[in-house]
Amino acid sequence: MNTSNQPASAYFLVDDQERPRKATLSVTVDNEVGALARVVALFSGRGYNIESLTVAETDHQKHTSRITIVTSGTNEVITQIMAQIGRLVPVHRVVDLTVEKPGVEREMALIKVAGEGDRRAEALRLSEVFRARVIDITHTSFIFELTGTPEKIDAFVDLMIPLGMVEYSRTGVVAIGRGAEAQ
């Protein structure tokens, strides 16, 4: 008989350890020399990993750019990353598009597949299912263009490997917050 205050069943055990999560951060910065280098140096200097990184100017008049960073960590680590990025000189704003302002994420990939006969036909059939566009074709290969979530691209790549995938290239995640207001 269990006389302690502990439950007798393992079903009541609580795992209070926080799990890492993936975060998509949108960082608005001045479009100036060294801005990206400072943000990336912050990550490398503190041992944080960048899983995806895209950068482009978003406002020509204000000379601002958006850096979209996909990283992972506990909520505490993500909060710390955001605070540290926010203190950098060229940074105007940092938003976690996975929590604060849920957004839409897309990535583009180019996938080269070589093959003949049934493998070639299967690659074409699967490209239609995934809505991948054929952007180059030879007698022995295709290059597909696919846009979607990172998970969709991963799934397509996994299916193309046994069909003769030669190589692929990805842009990295771009994201924007939902709703009528600017992030």
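Descriptive notes on the structure:
- If you sort the three axes of the alpha carbon gyration tensor as a ≥ b ≥ c, you get a/c of 1.5 or more for segment 102-183 and a/b above b/c, which makes it prolate.
- Other residues lying with their Cβ under 14 Å from the Cβ of LEU110 contribute a combined charge of -1, Lys and Arg counting +1, Asp and Glu -1.
- Segment 38-77 versus segment 80-143: alpha-carbon centroid distance in Å: 18 Å
- Charge sum, other residues only, whose C-beta stays under 13 Å from SER127's C-beta, Lys/Arg counted +1 and Asp/Glu -1: +3
- Of the residues GLY73, GLY45, GLY34, the one that moves most in a GNM of the chain with alpha-carbon contacts below 10 Å is GLY45.
- Lysines whose Cα lies under 25 Å from that of LYS22, excluding same-chain neighbours fewer than 8 positions away: LYS101, LYS152
- Cα gyration tensor, segment 22-113 - rounded (a/c under 1.5), prolate or oblate: rounded
- Beta bridges per DSSP, both residues in the chain: antiparallel share near 100 percent.
- Tensor-based shape of the chain (alpha-carbon gyration tensor, a/c under 1.5 rounded, otherwise prolate or oblate): oblate
Any read-out appearing in this document is the output of simple, stated calculations on the displayed coordinates, not a laboratory observation. All figures in this text were calculated on a predicted structure; none of them were measured in a lab. Methodologically, a virtual Cβ is constructed for each residue, glycine included, from the backbone with ideal geometry; neighbour enumeration extends over all protein chains shown.
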